[in-house]
1. What's the total number of residues in region 36-86 that are over 27 Å from residue 242 (Cβ atoms) and small (Gly, Ala, Ser)?
2. Out of all the residues in region 287-312, which are of a type in the set (Gly, Ala, Ser) and surrounded by 24 or more Cβ atoms within 10 Å (Cβ to Cβ)?
3. Within region 131-165, can you find the residues that are among the β-branched types (Val, Ile, Thr) and touching a helix residue (DSSP H, G or I) at 6+ places or on another chain (Cβ under 7 Å)?
4. What number of residues in region 111-135 are assigned to a helix (DSSP H, G or I) and among the aromatic types (Phe, Trp, Tyr)?
5. Tell me which of these residue 74 doesn't satisfy, since it passes every other one: (1) more than 29 Å from residue 334 (Cβ to Cβ); (2) touching a helix residue (DSSP H, G or I) at 6+ places or on another chain (Cβ under 7 Å); (3) not in a strand (DSSP E or B).
6. Could you check, for region 206-224, whether at least one of its residues is in a helix (DSSP H, G or I), open to solvent by 10 Å² or more (accessible area, probe 1.4 Å) and touching a strand residue (DSSP E or B) at 6+ places or on another chain (Cβ under 7 Å)?
7. Taking only region 325-348 into account, find how many residues are under 17 Å from the mean Cα position of the chain (by Cα) and assigned to a helix (DSSP H, G or I).
8. Do we have any residue at all in region 175-194 that's farther than 22 Å from residue 108 by Cβ, at pLDDT 95 or above and open to solvent by 60 Å² or more (accessible area, probe 1.4 Å)?
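The values are calculated or read from the model by the stated rules, or taken from the named source; none is laboratory data. Every value quoted in this text rests on a predicted model; they were computed, and no experiment measured them. We place every Cβ from the backbone using ideal geometry, glycine too, and count neighbours over all the protein chains shown. Accessible surface is based on the protein model in full, side chains and every heavy atom, while ligands, DNA and RNA are left aside. Shrake-Rupley method; radii C 1.70, N 1.55, O 1.52, S 1.80 Å.
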Amino acid sequence: MTPGGAARAWDAVDTQARRPLHLAVVAGLAVLTAACIPDDGRAPLIVYSPHGRAMLEVYEARFEAAHPDIDLQWVDQGSQEILDRLRSERANPQADVWWGAPATMFVTGVEDGLLTEFEPTWASTLPDDARGQEARWHGIYLTPEVIAYNSAAIAPEDVPRDWEDVLDPRWADEVLIRDPLASGTMRTIFGMIMHRSIVRTGDTAQGYDWLRRLDAQTKEYVLNPTLLYQKLNRQEGLVTLWDMPDIEALKRQGGYDIDYVFPESGTPLLVDGIGVVKGAPHPEAARELVEFLGSTDEVLHAAANFDRLPARTDIPADELPEALQRAREQIRPEPLDWGLLQERTTEWMRYWDEHIRGRG
(Lines give C-alpha, C1' and ligand atoms only; values in the text may rest on other atoms or scores of the structure.)
Protein backbone atom coordinates (compact mmCIF):
# COMPACT_ATOMS: atom_id res chain seq x y z
CA MET A 1 0.00 0.00 0.00
CA THR A 2 1.18 3.51 -0.75
CA PRO A 3 1.01 5.58 2.45
CA GLY A 4 -0.54 9.01 2.47
CA GLY A 5 -2.40 9.36 -0.80
CA ALA A 6 -4.14 12.43 0.55
CA ALA A 7 -4.94 13.76 -2.90
CA ARG A 8 -7.29 10.81 -3.50
CA ALA A 9 -8.78 11.21 -0.04
CA TRP A 10 -9.27 14.87 -0.88
CA ASP A 11 -11.08 14.03 -4.04
CA ALA A 12 -13.26 11.48 -2.25
CA VAL A 13 -14.39 13.64 -0.13
CA ASP A 14 -3.35 22.73 34.74
CA THR A 15 -5.10 21.63 37.66
CA GLN A 16 -3.09 19.87 40.35
CA ALA A 17 -5.68 17.18 40.74
CA ARG A 18 -5.51 16.25 37.06
CA ARG A 19 -2.37 17.51 35.44
CA PRO A 20 -1.29 16.19 32.02
CA LEU A 21 2.08 14.68 31.29
CA HIS A 22 3.11 17.69 29.19
CA LEU A 23 6.85 17.98 28.68
CA ALA A 24 9.59 18.92 26.31
CA VAL A 25 11.52 15.70 25.96
CA VAL A 26 15.29 16.09 26.14
CA ALA A 27 18.07 13.56 26.00
CA GLY A 28 18.42 11.62 29.18
CA LEU A 29 14.98 12.51 30.56
CA ALA A 30 13.56 9.59 32.48
CA VAL A 31 10.43 8.00 31.10
CA LEU A 32 7.33 9.29 32.84
CA THR A 33 4.69 6.70 33.70
CA ALA A 34 1.34 6.60 35.40
CA ALA A 35 3.17 6.41 38.70
CA CYS A 36 3.95 10.12 38.27
CA ILE A 37 0.27 10.98 38.61
CA PRO A 38 -1.64 10.80 41.90
CA ASP A 39 -3.68 7.59 42.03
CA ASP A 40 -7.36 8.57 42.12
CA GLY A 41 -8.68 5.15 41.24
CA ARG A 42 -9.09 5.76 37.52
CA ALA A 43 -7.34 3.69 34.87
CA PRO A 44 -4.51 5.66 33.26
CA LEU A 45 -4.21 6.11 29.50
CA ILE A 46 -0.94 7.45 28.07
CA VAL A 47 -0.97 9.29 24.73
CA TYR A 48 2.02 10.47 22.70
CA SER A 49 1.03 13.30 20.34
CA PRO A 50 2.45 16.34 18.52
CA HIS A 51 -0.92 18.13 18.48
CA GLY A 52 -0.01 20.70 21.12
CA ARG A 53 -1.17 21.57 24.59
CA ALA A 54 -4.33 23.45 23.61
CA MET A 55 -5.79 20.59 21.57
CA LEU A 56 -4.62 17.87 23.93
CA GLU A 57 -6.11 19.57 26.98
CA VAL A 58 -9.49 19.89 25.25
CA TYR A 59 -9.56 16.25 24.23
CA GLU A 60 -8.36 15.14 27.62
CA ALA A 61 -11.42 16.83 29.13
CA ARG A 62 -13.84 15.61 26.43
CA PHE A 63 -12.70 12.01 26.59
CA GLU A 64 -12.70 11.90 30.38
CA ALA A 65 -16.22 13.35 30.45
CA ALA A 66 -17.36 10.45 28.26
CA HIS A 67 -15.19 7.93 30.13
CA PRO A 68 -15.04 9.02 33.78
CA ASP A 69 -13.21 5.83 34.78
CA ILE A 70 -10.18 6.74 32.60
CA ASP A 71 -7.42 9.24 33.40
CA LEU A 72 -6.02 10.46 30.06
CA GLN A 73 -2.42 11.66 30.33
CA TRP A 74 -0.43 13.00 27.41
CA VAL A 75 3.10 13.69 26.23
CA ASP A 76 3.41 16.51 23.68
CA GLN A 77 6.46 16.22 21.42
CA GLY A 78 7.46 16.27 17.76
CA SER A 79 6.42 13.45 15.43
CA GLN A 80 9.95 12.18 14.85
CA GLU A 81 10.66 12.38 18.57
CA ILE A 82 7.62 10.18 19.20
CA LEU A 83 8.77 7.59 16.67
CA ASP A 84 12.25 7.54 18.19
CA ARG A 85 10.83 7.29 21.70
CA LEU A 86 8.51 4.41 20.82
CA ARG A 87 11.50 2.60 19.35
CA SER A 88 13.51 3.11 22.53
CA GLU A 89 10.60 1.83 24.64
CA ARG A 90 9.80 -1.17 22.44
CA ALA A 91 10.91 -3.69 25.06
CA ASN A 92 8.87 -1.95 27.76
CA PRO A 93 6.11 0.17 26.16
CA GLN A 94 4.98 3.20 28.16
CA ALA A 95 2.46 4.72 25.74
CA ASP A 96 -0.95 3.37 24.81
CA VAL A 97 -1.84 5.52 21.80
CA TRP A 98 0.20 7.34 19.17
CA TRP A 99 -1.98 10.19 17.93
CA GLY A 100 -0.62 12.36 15.15
CA ALA A 101 2.15 12.11 12.55
CA PRO A 102 2.40 11.79 8.78
CA ALA A 103 1.29 8.42 7.46
CA THR A 104 4.84 7.70 6.31
CA MET A 105 5.93 7.64 9.95
CA PHE A 106 3.13 5.27 10.88
CA VAL A 107 4.19 2.95 8.06
CA THR A 108 7.68 2.98 9.52
CA GLY A 109 6.20 2.35 12.95
CA VAL A 110 4.42 -0.75 11.66
CA GLU A 111 7.60 -2.00 10.00
CA ASP A 112 9.42 -1.51 13.31
CA GLY A 113 6.78 -3.50 15.18
CA LEU A 114 5.53 -0.56 17.23
CA LEU A 115 1.78 -0.74 16.53
CA THR A 116 -0.88 -3.37 17.01
CA GLU A 117 -3.99 -4.26 15.04
CA PHE A 118 -7.23 -2.45 15.85
CA GLU A 119 -9.96 -1.48 13.41
CA PRO A 120 -12.36 1.17 14.73
CA THR A 121 -15.94 1.26 13.46
CA TRP A 122 -15.25 4.42 11.44
CA ALA A 123 -12.41 2.79 9.47
CA SER A 124 -14.79 1.85 6.66
CA THR A 125 -15.35 5.56 5.92
CA LEU A 126 -11.69 6.07 4.98
CA PRO A 127 -10.20 5.77 1.50
CA ASP A 128 -7.99 2.70 1.14
CA ASP A 129 -4.77 4.70 1.19
CA ALA A 130 -5.65 6.27 4.56
CA ARG A 131 -5.83 2.84 6.17
CA GLY A 132 -2.63 1.30 7.41
CA GLN A 133 -1.10 -2.13 6.98
CA GLU A 134 -3.13 -4.82 8.77
CA ALA A 135 -5.29 -2.11 10.39
CA ARG A 136 -2.37 -1.04 12.58
CA TRP A 137 -2.99 2.67 11.96
CA HIS A 138 -5.73 4.80 10.44
CA GLY A 139 -5.87 8.29 8.96
CA ILE A 140 -7.84 10.74 11.04
CA TYR A 141 -7.08 14.18 9.54
CA LEU A 142 -5.69 15.66 6.33
CA THR A 143 -3.02 18.32 6.92
CA PRO A 144 -2.04 20.81 4.21
CA GLU A 145 1.36 22.48 4.41
CA VAL A 146 1.52 26.24 3.85
CA ILE A 147 3.74 29.31 3.67
CA ALA A 148 3.14 31.44 6.76
CA TYR A 149 4.25 35.02 7.29
CA ASN A 150 4.03 38.05 9.58
CA SER A 151 0.99 39.88 8.25
CA ALA A 152 1.89 43.15 9.98
CA ALA A 153 5.30 43.35 8.33
CA ILE A 154 4.54 42.01 4.84
CA ALA A 155 2.07 43.77 2.55
CA PRO A 156 -0.43 41.51 0.78
CA GLU A 157 1.14 42.16 -2.61
CA ASP A 158 4.57 41.10 -1.31
CA VAL A 159 3.60 37.78 0.28
CA PRO A 160 5.59 34.83 -1.10
CA ARG A 161 3.01 32.80 -3.01
CA ASP A 162 4.99 29.68 -3.80
CA TRP A 163 7.91 27.65 -2.51
CA GLU A 164 10.35 29.28 -4.93
CA ASP A 165 9.31 32.72 -3.72
CA VAL A 166 10.70 31.96 -0.27
CA LEU A 167 14.15 31.86 -1.88
CA ASP A 168 13.83 35.45 -3.16
CA PRO A 169 16.74 37.60 -1.88
CA ARG A 170 14.28 39.90 -0.12
CA TRP A 171 13.73 37.13 2.46
CA ALA A 172 17.42 36.59 3.17
CA ASP A 173 17.85 36.15 6.93
CA GLU A 174 14.09 36.51 7.37
CA VAL A 175 13.13 32.82 7.26
CA LEU A 176 12.47 30.83 10.44
CA ILE A 177 12.32 27.03 10.20
CA ARG A 178 11.17 24.56 12.83
CA ASP A 179 14.04 22.11 13.44
CA PRO A 180 13.36 19.62 10.63
CA LEU A 181 14.90 16.60 12.34
CA ALA A 182 12.21 16.58 15.04
CA SER A 183 9.26 17.70 12.93
CA GLY A 184 7.03 15.54 10.74
CA THR A 185 5.74 18.69 9.05
CA MET A 186 9.16 19.90 7.99
CA ARG A 187 10.36 16.44 7.00
CA THR A 188 7.32 16.21 4.71
CA ILE A 189 8.03 19.60 3.11
CA PHE A 190 11.70 18.73 2.63
CA GLY A 191 10.62 15.35 1.24
CA MET A 192 8.40 17.11 -1.28
CA ILE A 193 11.37 19.17 -2.48
CA MET A 194 13.48 16.04 -2.94
CA HIS A 195 10.61 14.23 -4.66
CA ARG A 196 10.21 17.09 -7.14
CA SER A 197 13.91 16.90 -7.89
CA ILE A 198 13.75 13.18 -8.66
CA VAL A 199 10.62 13.54 -10.80
CA ARG A 200 12.04 16.44 -12.82
CA THR A 201 15.66 15.38 -13.18
CA GLY A 202 15.94 11.76 -12.07
CA ASP A 203 18.37 12.82 -9.38
CA THR A 204 18.48 14.44 -5.92
CA ALA A 205 21.02 17.17 -6.74
CA GLN A 206 18.44 19.81 -7.61
CA GLY A 207 16.56 19.13 -4.39
CA TYR A 208 19.66 19.40 -2.23
CA ASP A 209 20.54 22.64 -4.01
CA TRP A 210 17.08 24.01 -3.18
CA LEU A 211 17.51 23.07 0.49
CA ARG A 212 20.97 24.67 0.46
CA ARG A 213 19.47 27.91 -0.85
CA LEU A 214 16.75 27.75 1.82
CA ASP A 215 19.43 27.28 4.46
CA ALA A 216 21.11 30.46 3.20
CA GLN A 217 17.82 32.30 3.73
CA THR A 218 17.24 30.84 7.20
CA LYS A 219 17.88 32.96 10.24
CA GLU A 220 17.24 30.20 12.77
CA TYR A 221 16.15 26.60 13.14
CA VAL A 222 13.68 26.87 16.00
CA LEU A 223 13.42 24.26 18.72
CA ASN A 224 9.63 23.92 18.92
CA PRO A 225 6.42 25.30 17.36
CA THR A 226 5.62 27.67 20.23
CA LEU A 227 8.96 29.43 19.83
CA LEU A 228 8.41 29.52 16.09
CA TYR A 229 5.09 31.35 16.49
CA GLN A 230 6.51 33.78 19.05
CA LYS A 231 9.55 34.67 16.98
CA LEU A 232 7.47 35.11 13.82
CA ASN A 233 5.03 37.35 15.69
CA ARG A 234 7.89 39.44 17.14
CA GLN A 235 9.30 39.84 13.63
CA GLU A 236 12.51 38.06 14.51
CA GLY A 237 11.83 36.47 11.15
CA LEU A 238 9.05 37.17 8.67
CA VAL A 239 8.43 33.91 6.79
CA THR A 240 8.15 30.25 7.69
CA LEU A 241 6.91 26.94 6.29
CA TRP A 242 4.35 25.15 8.44
CA ASP A 243 0.90 23.56 8.51
CA MET A 244 -2.49 25.18 8.05
CA PRO A 245 -4.29 23.99 11.23
CA ASP A 246 -1.75 25.52 13.60
CA ILE A 247 -1.73 28.87 11.81
CA GLU A 248 -5.54 28.96 11.70
CA ALA A 249 -5.56 28.27 15.44
CA LEU A 250 -3.27 31.26 16.05
CA LYS A 251 -5.53 33.50 13.97
CA ARG A 252 -8.56 32.42 15.96
CA GLN A 253 -6.76 32.84 19.26
CA GLY A 254 -5.83 36.43 18.44
CA GLY A 255 -2.73 38.36 19.42
CA TYR A 256 -0.66 37.01 16.53
CA ASP A 257 0.06 38.91 13.32
CA ILE A 258 0.39 35.69 11.33
CA ASP A 259 -1.34 34.53 8.17
CA TYR A 260 -0.64 32.00 5.42
CA VAL A 261 -1.08 31.09 1.77
CA PHE A 262 -1.40 27.76 0.00
CA PRO A 263 1.57 27.42 -2.37
CA GLU A 264 0.38 27.92 -5.93
CA SER A 265 2.34 25.07 -7.50
CA GLY A 266 1.07 22.48 -5.04
CA THR A 267 1.41 21.46 -1.43
CA PRO A 268 1.70 18.15 0.44
CA LEU A 269 -1.68 17.10 1.78
CA LEU A 270 -0.62 14.48 4.23
CA VAL A 271 -2.68 11.95 6.10
CA ASP A 272 -2.34 12.40 9.87
CA GLY A 273 -2.68 9.03 11.58
CA ILE A 274 -3.54 7.36 14.87
CA GLY A 275 -2.75 3.90 16.21
CA VAL A 276 -2.61 1.68 19.28
CA VAL A 277 0.91 0.97 20.55
CA LYS A 278 1.94 -2.68 20.53
CA GLY A 279 2.17 -3.94 24.09
CA ALA A 280 0.20 -0.92 25.35
CA PRO A 281 -0.15 -1.06 29.15
CA HIS A 282 -3.85 -0.18 28.85
CA PRO A 283 -5.03 -1.66 25.52
CA GLU A 284 -8.78 -1.51 26.21
CA ALA A 285 -8.68 2.20 27.06
CA ALA A 286 -6.42 2.77 24.04
CA ARG A 287 -9.01 1.26 21.71
CA GLU A 288 -11.72 3.36 23.37
CA LEU A 289 -9.73 6.53 22.64
CA VAL A 290 -9.10 5.69 18.98
CA GLU A 291 -12.79 4.92 18.52
CA PHE A 292 -13.73 8.19 20.25
CA LEU A 293 -11.37 10.52 18.37
CA GLY A 294 -12.45 9.29 14.95
CA SER A 295 -16.18 9.46 15.69
CA THR A 296 -18.35 11.88 13.73
CA ASP A 297 -18.89 14.24 16.66
CA GLU A 298 -15.19 14.44 17.47
CA VAL A 299 -13.85 14.94 13.94
CA LEU A 300 -16.42 17.72 13.49
CA HIS A 301 -15.33 19.21 16.82
CA ALA A 302 -11.69 19.07 15.66
CA ALA A 303 -12.69 20.73 12.39
CA ALA A 304 -14.64 23.52 14.08
CA ASN A 305 -12.19 24.21 16.89
CA PHE A 306 -8.78 23.12 15.57
CA ASP A 307 -9.17 23.40 11.78
CA ARG A 308 -8.51 19.70 11.23
CA LEU A 309 -9.77 18.43 7.90
CA PRO A 310 -11.40 15.02 8.40
CA ALA A 311 -9.85 12.12 6.53
CA ARG A 312 -13.25 10.43 6.57
CA THR A 313 -15.03 10.70 3.23
CA ASP A 314 -18.55 10.68 4.68
CA ILE A 315 -18.35 14.11 6.37
CA PRO A 316 -20.45 16.58 4.30
CA ALA A 317 -18.57 19.68 3.17
CA ASP A 318 -21.31 21.98 4.42
CA GLU A 319 -20.74 20.74 7.98
CA LEU A 320 -17.17 22.06 7.93
CA PRO A 321 -16.27 25.61 9.00
CA GLU A 322 -15.82 28.22 6.28
CA ALA A 323 -12.02 28.19 6.53
CA LEU A 324 -11.92 24.49 5.73
CA GLN A 325 -14.47 24.78 2.94
CA ARG A 326 -12.34 27.56 1.46
CA ALA A 327 -9.24 25.42 1.87
CA ARG A 328 -10.83 22.58 -0.06
CA GLU A 329 -11.41 24.97 -2.96
CA GLN A 330 -7.94 26.55 -2.94
CA ILE A 331 -5.56 23.70 -2.17
CA ARG A 332 -3.72 22.07 -5.04
CA PRO A 333 -2.50 18.74 -3.62
CA GLU A 334 1.07 17.90 -4.59
CA PRO A 335 1.27 14.50 -6.31
CA LEU A 336 3.75 12.54 -4.23
CA ASP A 337 5.05 8.99 -4.13
CA TRP A 338 4.53 8.55 -0.40
CA GLY A 339 6.22 5.17 -0.48
CA LEU A 340 9.38 6.80 -1.80
CA LEU A 341 9.23 9.45 0.91
CA GLN A 342 8.76 6.80 3.58
CA GLU A 343 11.73 4.87 2.22
CA ARG A 344 14.18 7.72 1.70
CA THR A 345 13.32 10.68 3.95
CA THR A 346 15.67 9.50 6.70
CA GLU A 347 18.52 9.35 4.19
CA TRP A 348 17.70 12.81 2.84
CA MET A 349 17.43 14.32 6.31
CA ARG A 350 20.74 12.81 7.37
CA TYR A 351 22.47 14.31 4.34
CA TRP A 352 20.82 17.68 4.97
CA ASP A 353 21.94 17.67 8.60
CA GLU A 354 25.52 16.65 7.82
CA HIS A 355 26.16 18.64 4.64
CA ILE A 356 23.65 21.53 4.36
CA ARG A 357 22.45 22.79 7.74
CA GLY A 358 24.21 26.05 8.53
CA ARG A 359 26.35 25.91 5.38
CA GLY A 360 24.01 27.50 2.81
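1. Qualifying residue count, region 36-86: 4.
2. Just the residues of region 287-312 that are of a type in the set (Gly, Ala, Ser), to begin with: 294-295, 302-304, 311.
Scanning region 287-312 gives 294, 311.
3. Residues of region 131-165 that are among the β-branched types (Val, Ile, Thr), as a first pass: 140, 143, 146-147, 154, 159.
Of everything in region 131-165, those that are among the β-branched types (Val, Ile, Thr) and touching a helix residue (DSSP H, G or I) at 6+ places or on another chain (Cβ under 7 Å) turn out to be 140, 143, 146, 147.
4. So the count comes out to 1.
5. Result: residue 74 fails condition (3) only.
6. yes
7. Selection size over region 325-348: 5.
8. First, the residues of region 175-194 that are farther than 22 Å from residue 108 by Cβ: 175-177.
From the residues that got through so far, the ones that are at pLDDT 95 or above too are 175-177.
Okay, now just the ones that are also open to solvent by 60 Å² or more (accessible area, probe 1.4 Å), so none.
No, region 175-194 has no match at all.
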